[in-house]
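Trainee: Quick one: the structure is below, and I'll ask about it shortly.
Every number here is computed from the coordinates shown, using simple stated rules; none is lab data. For clarity, every value in this text was computed on a predicted model and none was experimentally measured. Don't worry about glycine lacking a Cβ; one is built from the backbone with ideal geometry, like all the others, and counts go over all protein chains shown.
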Amino acid sequence: MMGMWFFMMACNLILPVLMIILGRVFIKNPPKKINNVYGYRTSRSMKNQDTWDFAHLYCGKLWWKIGWSMLPLSVISMLPAIGKNDDFIGVLGAVVISVECIIMFISIFFTERALAKKFD
């Protein structure tokens, strides 16, 4: 029973940890040139080098903050599942992961809005 809990906890921590790591990378060492492989790649961010640089700095700062906020919340949200059956753990874990994904996609909206505001 605890094996499923540890598995779901690990799954729930993947997105916040990735957001923290990528946020830091985008702030400190973003991709230097616009490319189709790596980075914050939207049509608006890839218009020119200025939008590319701004998008990585803005998104990096946002992901850094969100990742650190989501990390403890993800752990806390899984605590009620300790000792419960695998079905309960799986459903709760899926809900947590879904909320994390929604938050990540909302961060893209804010980055795109900031790009549109700064670069008419």
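Trainee: In the range 26-120, what chymotrypsin sites (Phe, Trp or Tyr not before Pro) fall in a loop by DSSP, with at most 12 other Cβ atoms inside 10 Å?
Mentor: Listed in order of number, the matching sites are TYR38.
Trainee: Grab the other residues whose beta carbon is less than 11 angstrom from that of TRP5, score K and R as +1, D and E as -1, and report the net.
Mentor: Values: positive: LYS84; negative: ASP86.
Neighbour charge sum, excluding TRP5 itself: 0.
Trainee: How high is the FRET efficiency from ASN29 to PHE110, r the C-beta distance, R0 25 Å, rounded to 0.05?
Mentor: In this case the efficiency is close to 0.70.
Trainee: Relative contact order for the chain using alpha-carbon pairs under 8 Å, separation at least 6, rounded to a whole percent?
Mentor: Details: 129 pairs, mean separation 45.8, N = 120.
Normalised by residue count, the contact order of the chain is 38 percent.
Trainee: Now a separate question. I need the trypsin sites (Lys or Arg not before Pro) found in the range 1-56, filtered to DSSP loop residues with at most 11 other beta carbons within 10 Å of theirs.
Mentor: Numbers: sites: ARG24, LYS28, LYS32, LYS33, ARG41, ARG44, LYS47; in loops: LYS32, LYS33, ARG41, ARG44, LYS47.
Answer in residue order: LYS32, LYS33.
Trainee: If I model a spin label as a point 7 Å beyond the Cα along the Cα-Cβ vector, how far apart are those points for LYS118 and ILE76 in nm?
Mentor: 3.1 nm
Trainee: Here is a further query. So for the pair ASP50, ASP87, with labels modelled 7 Å out along Cα→Cβ, what separation do we get in nm?
Mentor: 5.9 nm
Trainee: In the chain, what is the count of Lys pairs whose alpha carbons are under 19 Å apart, counting only pairs at least 8 residues apart or on separate chains?
Mentor: Close lysine pairs under the 19 Å cut-off: 9.
Trainee: Do the sum for the chain: with -39,500 (n - 2.57) for every DSSP H run of n ≥ 4, divided by all residues, what is the mean residue ellipticity at 222 nm, to the nearest 500 deg cm²/dmol?
Mentor: Numbers: 3 runs with 90 residues, N = 120.
Helix contribution divided over all residues of the chain: -27000 deg cm²/dmol.
Trainee: Could I ask something else about it? Once the other residues with Cβ under 12 Å from the Cβ of ASP53 are scored (Lys, Arg +1; Asp, Glu -1), what is the net sum?
Mentor: +3
Trainee: Using a simple spin-label model with points 7 Å from Cα along the Cα→Cβ vector, what separation in nm is obtained for LYS61 and MET2?
Mentor: Here the modelled spin labels are 4.3 nm apart.
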